[in-house]
Amino acid sequence: MAGTAVRGRLSWLTATVGPVSDETPRVRTLRLEVPGWPGHRAGQHVDIRLTADDGYQAERAYSIASAPGEPLAITVERLDDGEVSPYLTEEVRPGDLLEVRGPIGGYFVWEPGSGGPLLLAAGGSGVVPLRSILRHRSLTNSSVPVRLLYSSRSFQDVIYQTELGFPAEGVSVTYTLTRSQPRGWTGYARRVDAQMLSDVAWPAADMPLAYVCGPTRFVESVSAGLVGLGYPAGRVKTERFGATGQ
Amino acid sequence: MDGLATDMALDDSAVDGNAIGGLLMEVFGTEMTTATGTCASCGAVSQVAELAVFRPALGTVVRCRSCGSVLMAFVRIRDVTCVDLMGLASLS
Amino acid sequence: MSPISRGFHRKRADAPAGRVPPGQYVTSDFPVLSAGPTPHTTLAAWTFSIEGGREPVSWTWEEFRALPSQTPTTDIHCVTRWSKLDTTWEGVSLDVLLGAVSYDAPYALAFSDGGYTTNLPVADLLGGKAWVAFGYGGAPLGPEHGGPARLLVPHLYFWKSAKWVRGIRLRATDEPGFWENYGYHSYGDPWREQRYAGD
């Protein structure tokens with residue numbers, strides 16, 4: 001199963017919302033039941049479409065949080081002035097209907113065959129596709145070494161806290177909490193910079209593969225930093241989420 | 001055009017070609033984020049996933065990261081998507 | 001037929017009857033919609049020019065700010081269906097700027113930093129209907145909303161109010177600007193719902 005190419009469907013499929021779980025005060029994971037779902041690769045996303053009773057429609061893209069082979073799930077962060085994310089994180093209930101298109105994406109994807117070592121850099125909700133990659137790695141018993149650098153405003157905003165608190169063998173997780181830190185915090189407490197990358201990232205000589213995902217400015221700054229450490233630009237994959245709820 | 005490249009890097013409203021994977025599949029009939037585009041203006045070569053994408057609700061504008069010129073534009077008017085690829089020298 | 005997503009609706013607020021054009025809803029936000037990155041032209045480098053008259057005319061920032069300005073309060077209407085009521089601006093009227101030029105062209109193409117353009121009849125820039133605005137809500141216009149200065153032409157859909165405007169090219173013929181080239185209406189009257197070409 002691993003490595004099978006999955007061709008995305010062009011058509012919209014009806015999805016029924018399954019169990020939902022609140023990861024943080026602003027972030028919720030939703031299971032989606034989609035008859036005919038073709039499966040997906042780690043790192044891909046889906047387009048979601050909502051239709052109001054006056055016919056108004058809104059579409060957004062959300063990264064798939066689950067690994068290939070697991071039930072489809074997305075993780076959504078509520079944007080304060082958003083139109084779709086407040087609905088998905090506050091209003092929606094199991095049994096509600098929405099439409100899904102996908103899976104989408106052939107660039108920001110990882111399979112065990114892609115190799116490593118892996119440097120995963122997440123800014124806020126940018127951790128979602130990286131979590132799919134981590135789960136896929138576990139489920140395929142891959143031993144590719146991984147370092148995850150996860151930048152979050154505070155510890156309460158860390159998504160998948162429990163899971164990341166018990167990382168699989170060969171995975172190390174480093175947090176940087178940029179706005180507030182718990183009492184006694186001895187970890188990083190600033191935005192990712194060249195010094196932090198130099199401390200945390202694999203040396204370029206190890207031929208690492210990097211995946212950087214999050215707000216645009218985070219991605220620009222981290223990817224430039226990795227290239228500055230000697231990572232070839234072609235070994236740094238980027239996915240920019242635009243502005244997020246700051 | 002260093003100024004424009006810097007403007008794009010600092011601009012949180014800009015996303016990249018990953019975000020329009022669905023739109024591109026709809027328009028081209030296939031996965032396009034790994035396709036390679038060549039800018040007709042400055043010759044820069046890039047994977048579509050890495051191009052700068054702006055999505056004001058009026059339309060989707062895809063720009064070259066090196067020189068800022070418009071490579072592709074998509075506007076949806078009355079259920080028809082108009083596609084302009086004139087800024088690309090090639091797309092493969 | 002798409003299934004209805006229970007409880008989902010667009011963001012909206014009630015508008016007093018007849019206050020907003022057809023198909024619009026009122027918002028208290030001020031959405032930022034841009035076709036390109038926010039430019040960062042310094043005031044030292046900024047000029048506003050009018051080309052296509054008998055002679056080209058241009059103002060530096062100091063010269064521009066020395067011109068008489070007004071503080072219009074107006075509703076604005078975006079083609080993407082949001083309207084914002086009673087927005088307050090400070091700017092120099094196009095009557096003042098065009099008053100400094102000798103010309104007889106009927107059409108204008110406004111141009112901005114970053115390459116954005118939009119076309120309008122010169123008549124729609126005159127008679128107290130248009131400004132080059134440098135202030136919004138009592139403060140200097142921020143870069144994400146078009147600062148240092150943007151065109152403000154509130155009687156037309158707001159894509160005509162070009163952000164980061166740097167000048168006007170006066171023309172004998174009408175030339176479509178950035179969005180007009182992709183199928184948006186050449187004139188754009190919200191009260192006649194002229195969103196797309198052919199409306």
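The numbers here are math on the coordinates, done by the rules we state, and not lab data. Remember, predicted model here, so these are calculated numbers, not experimental data. Because the Cβ atoms are built from the backbone with ideal geometry, glycine has one as well, and the counts that use them run over all protein chains shown.
Compared with the dominant principal axis of the Cα atoms in chain A, helix A:127-139 is inclined by about 80°.
With a Cα-only, solvent-free Debye model of the range A:74-168, what are the log10 I(q)/I(0) values at q = 0.16, 0.22, 0.24, 0.25 Å⁻¹? Listed by q, the Debye log ratios stand at -0.84, -1.25, -1.33, -1.37.
Would the protein assembly as shown count as rounded, prolate or oblate if I go by the C-alpha gyration tensor, calling it rounded below 1.5 in a/c and otherwise prolate when a/b exceeds b/c, oblate otherwise? Since a/c reaches 1.5 and a/b is larger than b/c, the shape of the protein assembly as shown is classed as prolate.
Toward the positive end of the charge dipole of chain A, with +1 on the Cβ of Lys and Arg and -1 on the Cβ of Asp and Glu, the farthest Cα among A:Gly102, A:Leu79, A:Gly165 is that of A:Gly165.
The charge dipole of the protein assembly as shown, taken about the Cα centre with unit charges on the Cβ atoms of Lys, Arg (+1) and Asp, Glu (-1), comes to about 780 debye, rounded to the nearest 20.
Each peptide in C:130-137, C:24-31 gets a packing score, the mean of other Cβ atoms within 10 Å over its residues, and the list from highest to lowest is C:130-137, C:24-31. What the pair-distance distribution of the range A:117-246 shows, using all Cα-Cα distances binned every 10 Å from zero, is 13, 47, 35, 5, 0 percent. Its convex hull of Cα atoms gives the range A:149-224 a direction-averaged projected area, equal to a quarter of the hull surface, of 5.7 nm². Here the range C:1-109 is described by how far its Cα atoms reach on the three principal axes: 60, 33, 26 Å, from widest to narrowest. The mean number of Cβ atoms from other chains found within 10 Å of a Cβ in peptide C:188-198 is 1, as a whole number.
Solvent-free Debye calculation, one equal scatterer per alpha-carbon of chain A: log10 I(q)/I(0) at 0.11, 0.12 Å⁻¹ equals -0.56, -0.67. Rounded to the nearest 0.05, what FRET efficiency do A:Ala189 and A:Ser21 have when you use their Cβ-Cβ distance and R0 = 22 Å? In this case the efficiency is close to 0.20. Mean separation of Cα pairs under 8 Å and 6 or more residues apart, divided by the residue count, gives the range C:49-93 a relative contact order of 32 percent.
Cα centroids of the range A:85-128 and the range B:1-79: 21 Å apart.
The sum of -39500 (n - 2.57) across all DSSP H runs of n ≥ 4, divided by the residue count of chain A, sets its helix-only mean residue ellipticity at 222 nm to -4500 deg cm²/dmol. Ratio of Rg to Rh for the range C:135-185: 1.02 [Cα atoms; Kirkwood radius as inverse mean 1/r over pairs]. Per-residue shielding of A:60-72, expressed as the average number of other chain Cβ atoms within 10 Å of the residue Cβ, stands at 1. Each peptide in A:193-200, C:189-196 gets a packing score, the mean of other Cβ atoms within 10 Å over its residues, and the list from highest to lowest is C:189-196, A:193-200. Shape analysis of the range A:13-104 places it in the oblate category; the axes a ≥ b ≥ c from the Cα gyration tensor give an a/c of at least 1.5, with a/b not above b/c. Other residues within the sphere of radius under 10 Å centred on the Cβ of A:Phe241, judged by their own Cβ, net out at -3 (K and R +1, D and E -1). Per residue of A:224-232, other chain Cβ atoms within 10 Å of the residue Cβ number 0 on average.
Each helix, a run of at least 4 DSSP H residues, gives -39500 (n - 2.57); summed and divided by the residues of chain C, these come to -1000 deg cm²/dmol at 222 nm. Extension gain, C:Met1-C:Asp174: 0.36 nm per intervening residue step, less the Cα-Cα distance, totals 58.2 nm.
Normalised by 2.2 N^0.38 Å, where N counts its residues, the alpha-carbon radius of gyration of the range C:43-192 equals 0.96. Near A:Val20, within a Cβ-to-Cβ distance under 9 Å, what is the net charge of the other residues, with Lys and Arg +1 and Asp and Glu -1? Charge balance near A:Val20 sits at +2. Note on the range C:43-192: with charges restricted to the Cβ of Lys and Arg (+1) and Asp and Glu (-1), its dipole about the Cα centre is near 240 debye. Normalise the Cα radius of gyration of the range B:2-91 by 2.2 N^0.38 Å (N = residues in it) and let me know the number. Rg over 2.2 N^0.38 Å, computed on Cα atoms: 1.01.
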